[in-house]
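Everything on this sheet refers to the single structure shown next.
The values are calculated or read from the model by the stated rules, or taken from the named source; none is laboratory data. Here the structure is a predicted model, which means the values were calculated and not measured. Every residue, glycine among them, receives a Cβ derived from its backbone with ideal geometry; neighbour counts consider all protein chains shown. Calculation scope for accessible area: heavy atoms of the full protein, side chains included, ligands and nucleic acids excluded. Shrake-Rupley method; radii C 1.70, N 1.55, O 1.52, S 1.80 Å.
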Amino acid sequence: MRPYVIIFSTMTVDGKIANSDGYSKLSCIDDFRLQHYLRSNSDGVMVGANTVINDDPSLTVRLVKGTSPYKIIVDSKLIVPLSSKIFQNPAKSIIITSNNLNKERYEKFEKIGVRIIKVDFNGVLDMVTALKNLYDIGIKRLMVEGGGHLNYSLLYNGLVDELWVTISPFAFGGGTSIFEKGILKEIKAEFYIKEIKNLCQNWVNIKYSILYPKKPLI
Ligand SMILES: NC(=O)C1=CN([C@@H]2O[C@H](COP(=O)(O)OP(=O)(O)OC[C@H]3O[C@@H](n4cnc5c(N)ncnc54)[C@H](O)[C@@H]3O)[C@@H](O)[C@H]2O)C=CC1
Ligand SMILES: Nc1nc(O)c(N)c(N[C@@H]2O[C@H](COP(=O)(O)O)[C@@H](O)[C@H]2O)n1
């Protein structure tokens, strides 16, 4: 069994979630409220290593009432700084990483109480096994907040149930896309519209369910 997975992302009209300098503030207040609402209705919120390094996020629930979920970082080489805000409440932090690293790398995180889930790494981490592990520790509903490489690796593996994407009224012409294939192959993923909502006049949130791929391709 694996968690029900929802990707939440805010992108420009040209599909970018950050520009090439790493600038990524694209939401309006209603969109931030939606983001916090989904956090409060999730058992865990997952981000990739680059997102932690670029944004130093809190990933807490602040704009609506509710409990902050587990924070889950996908980091194959364990490069995220120990001083990141995410580790301020280490008991609710989980790192998914490779089982090929040396002991010292895990130890510094384990020492402060961060839970480490080790999975196989073959250029990308085995996210099928990672999600099974998360389900077994009680994470039944998982929100994914990017970045583009993490989003794509989950989509590619048929591990996404819904995509909540907000289109913000900007274009960058470059930068990081909502889905970045990295070393993975291209696919033709297909989505089905469940709901469309206008936010703060010029922003649009679209809730999609995934038509394809629904199951791991590998
Ligand atoms: N506007 C928005 O909604 C959001 C924007 N962002 C922006 O996106 C940018 C970061 O995106 P990306 O560069 O795509 O980085 P990312 O956050 O997806 O992290 C990529 C890294 O995470 C690890 N990783 C993720 N999935 C993996 C897998 N399956 N196997 C192995 N390792 C894996 C690897 O270390 C990889 O280099 C930042 O600038 C951030 O500000 C991030 C989240 C939301
Ligand atoms: N929905 C959304 N809109 C934006 O404009 C964003 N920049 C992001 N970024 C994501 O939110 C995280 C920051 O969370 P905190 O406010 O620090 O709790 C950031 O790391 C991205 O995952 N999202």
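Candidates in region 50-65 are the residues that are in a loop (DSSP other than H, G, I, E, B) and of a type outside the set (D, E, K, R); of these, the one that is nearest to ALA18 (Cα to Cα) is PRO57.
Scanning for something among the aromatic types (Phe, Trp, Tyr) and more than 19 Å from THR176 (Cβ to Cβ), does region 8-28 turn up at least one residue? Checking region 8-28: not a single residue is among the aromatic types (Phe, Trp, Tyr) and more than 19 Å from THR176 (Cβ to Cβ). Within region 23-49, the set of residues being assigned to a helix (DSSP H, G or I) and more than 10 Å from ligand 2 (Cβ to nearest atom) comprises ILE29, ASP30, ARG33, TYR37, SER40, ALA49.
Residue count for region 26-59 under the criterion of being over 24 Å from CYS200 (Cβ atoms) and either open to solvent by 30 Å² or more (accessible area, probe 1.4 Å) or at pLDDT below 95 (or both): the result is 5. Each residue in region 50-87 was checked for being away from ligand 2 (no atom under 11 Å from the Cβ) and free of Cβ contacts under 8 Å to residues at least 24 places away in the same chain, and 1 pass.
All conditions but one from (1) surrounded by 14 or more Cβ atoms within 10 Å (Cβ to Cβ); (2) in contact with an Asp or Glu (Cβ under 7 Å, 6 or more places away or on another chain); (3) not in a helix (DSSP H, G or I) apply to GLY146; the one that does not is (2).
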